[in-house]
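Student: For reference, the structure I am asking about is given below.
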Amino acid sequence: MSSKEGLERYKQEKLQKRREQRLESYYRNRNLKENEYALSDEAVRQRQHREKQEKEQMRRVKETERKRKYRKRKREENINDQRQNEDLNMRNTFENRTEKHRALKKLKLALPKSPDRRVTTMVAYLQNSNSPTVRKLQSSEVISSPEEIEEHKTSKALTEDLKTVIDNCKRKRSDDSLKTMNVIISSVSGEKNQ
């Protein structure tokens, strides 16, 4: 090893030793300062300030959550109000009664004179589900959609069948008819069969 390398190595060791001493004194002094600081008035004020900030933060979070729930409830109420307003808008599309009367008069004059033809024309128009007017009438439940009409027919037929079976079972006073009656009544009302 040359003298130049030895000198360089000596400088590096000295620097390293000095760094270690500084770190050691830094940590020793830091611990002393921390202990002193923890007891000082400034530390107490800082702790109180942090606690106050944490309480304030919790209050803000609760307030934000409360506002969020309030807004959600208002949105749901607004949706219900909009549905009701759509119904009102259908009634209040005309500015006054005269305007509505004139529109109805034009419609009546445009329709055929004979009642049968009028009905046929109106039915043909209302069965056209591609029409935006018909869709709007179906959504506001002024007229029934084809699916609703089919459901209504099915439920009506089912009710009629149940009535006839119950009438027949009532007339017979046998055990089998009573059991049948109990089964029908429990199936309709949703009770369990015995």
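Student: Taking the condition surrounded by 10 or more Cβ atoms within 10 Å (Cβ to Cβ) and at pLDDT 90 or above, does GLU36 pass? Write out each step before concluding.
Tutor: Details: surrounded by 10 or more Cβ atoms within 10 Å (Cβ to Cβ): yes; at pLDDT 90 or above: no.
Spelling it out, it is not the case that GLU36 is surrounded by 10 or more Cβ atoms within 10 Å (Cβ to Cβ) and at pLDDT 90 or above.
Student: Any idea which of (1) assigned to a helix (DSSP H, G or I); (2) over 25 Å from SER187 (Cβ atoms) is the one SER155 doesn't satisfy?
Tutor: (2)
Student: Need the failing condition index for GLU141 against (1) open to solvent by less than 90 Å² (accessible area, probe 1.4 Å); (2) closer than 27 Å to GLN84 by Cβ, just the number.
Tutor: (1)
Student: Among the residues of the range 104-118, is there at least one that is small (Gly, Ala, Ser), within 30 Å of the chain's Cα centre (by Cα) and either surrounded by 10 or more Cβ atoms within 10 Å (Cβ to Cβ) or not in a helix (DSSP H, G or I) (or both)?
Tutor: Keep residues of the range 104-118 that are small (Gly, Ala, Ser), which gives 110, 114.
With the extra rule that they be within 30 Å of the chain's Cα centre (by Cα), the set shrinks to none.
No, the range 104-118 has no match at all.
The values are calculated or read from the model by the stated rules, or taken from the named source; none is laboratory data. These numbers come from a predicted model, not from an experiment. We place every Cβ from the backbone using ideal geometry, glycine too, and count neighbours over all the protein chains shown. Just so you know, the surface numbers come from the protein's heavy atoms only, side chains and all, with ligands and any DNA or RNA stripped out. Shrake-Rupley method; radii C 1.70, N 1.55, O 1.52, S 1.80 Å.
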